[in-house]
Amino acid sequence: MTDNNINAVSERLALRWQLLLQDNFAHLTMAQIQQAWSRLLSHYQEVHRYYHDLSHIEACFTWFDLVKEQLDDPLAVAFAIWFHDVIYDVRRADNEVKSAQYAVTALTNFAVSTQLVLQVYELVLLTQHPSKPSRIIKRQSGKFLSKTTNTVRASLNDQALFLDIDLTILGQNNGIYENYENAIRSEYQHVPLWLYKRARKRLLKRFLRQPIIYYSRYFKEKFEQQARVNIQSVLCS
């Protein structure tokens, strides 16, 4: 992607972020909104990101816009999209947990409702793929979270659509999917190829063993078959 394209994506997302906060939280100042955006931007522009970057976030919002009317709480899902990959260290295994905790801190600083904070936290934790919608979640320790129960606040419907939005890349055409696999490999270029392939195939096999990859009717009908073809192509390589 050229610098011009990267800047265009950043500008579009900066405006989306601004409008989301202005439309829903009138008490926030422009300085607060811009400061929070700058922090988000610094994470998503890290040099080791080849897939989990701003382009991925924009792609998620493309699908979000198409299913927004099906969501029970579009605001919670929108924030989950923003925060779900904010922490991405390819040498760690707790990125989803750290991203969920980041979301809690950011939203708490915005002085939004506890209900919204918990919903976003739950949704971000779900991206420990492969995962599935659930009524129970194992919460992490922390002053804020220790006061809550393990009963999920985010609806099963929103969980399903959010998970599917994050995984739409699996069901794209061959060329797009191949670029995705190459980008993931670039993120893990420090790992020897033989070891990377073994770990990658182990993860993809877990997706194939699931009865379904996509949990919402909309995305299942659209991408289930192609996703299985794409995954199988990697396993056979």
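The values are calculated or read from the model by the stated rules, or taken from the named source; none is laboratory data. Just so we're clear, the structure is a prediction, and the values are computed from it rather than from any experiment. With ideal geometry, Cβ positions are generated from the backbone for all residues, glycine too; neighbour counts draw on all protein chains shown. In case anyone asks, the SASA skips ligands and DNA or RNA and just uses the protein heavy atoms, side chains included. Shrake-Rupley method; radii C 1.70, N 1.55, O 1.52, S 1.80 Å.
For the range 113-125, the tally of residues that are free of Cβ contacts under 8 Å to residues at least 40 places away in the same chain and either assigned to a helix (DSSP H, G or I) or closer than 12 Å to VAL97 by Cβ (or both) stands at 7. Looking across the range 122-149, just one residue is within 21 Å of ILE87 (Cα to Cα), more than 18 Å from the chain's Cα centre (by Cα) and modelled with pLDDT of 65 or more, and that is LYS138.
If you take the residues of the range 40-51 that are open to solvent by 30 Å² or more (accessible area, probe 1.4 Å) and of a type outside the set (S, T, N, Q), which of them is farthest from ARG91 (Cα to Cα)? Going through the qualifying residues, I end up with LEU41. Here ILE87 meets each of (1) part of a loop (DSSP other than H, G, I, E, B); (2) of a type outside the set (Ser, Thr, Tyr); (3) over 22 Å from LEU13 (Cα atoms); (4) in contact (Cβ under 8 Å) with a residue 40 or more places away in the chain with one exception, condition (3). Of the helices (runs of 4 or more DSSP H) contained entirely in the range 153-217, those carrying at least 1 residues that are surrounded by 20 or more Cβ atoms within 10 Å (Cβ to Cβ) and touching a Ser or Thr at 6+ places or on another chain (Cβ under 6 Å) fall at 156-166. Only one entry of TRP82, TRP37, TRP17, TRP63 meets the criterion of being within 26 Å of ALA160 (Cα to Cα), open to solvent by 10 Å² or more (accessible area, probe 1.4 Å) and aromatic (Phe, Trp, Tyr), and that entry is TRP63.
Please go through the range 89-121 and pick out each residue that is hydroxyl-bearing (Ser, Thr, Tyr), within 19 Å of GLN45 (Cβ to Cβ) and open to solvent by 20 Å² or more (accessible area, probe 1.4 Å). Reasoning before the result, please.
From the range 89-121, those hydroxyl-bearing (Ser, Thr, Tyr) are 99, 102, 105, 108, 113-114, 121; that's our starting set.
Those left that are additionally within 19 Å of GLN45 (Cβ to Cβ): 99, 102.
Listed by number, the list holds a single entry, TYR102.
Annotation note: of GLN226, GLN210, GLN159, GLN172, the sole residue that is at pLDDT 95 or above, in contact with a Gly (Cβ under 6 Å, 6 or more places away or on another chain) and farther than 24 Å from ARG92 by Cα is GLN226.
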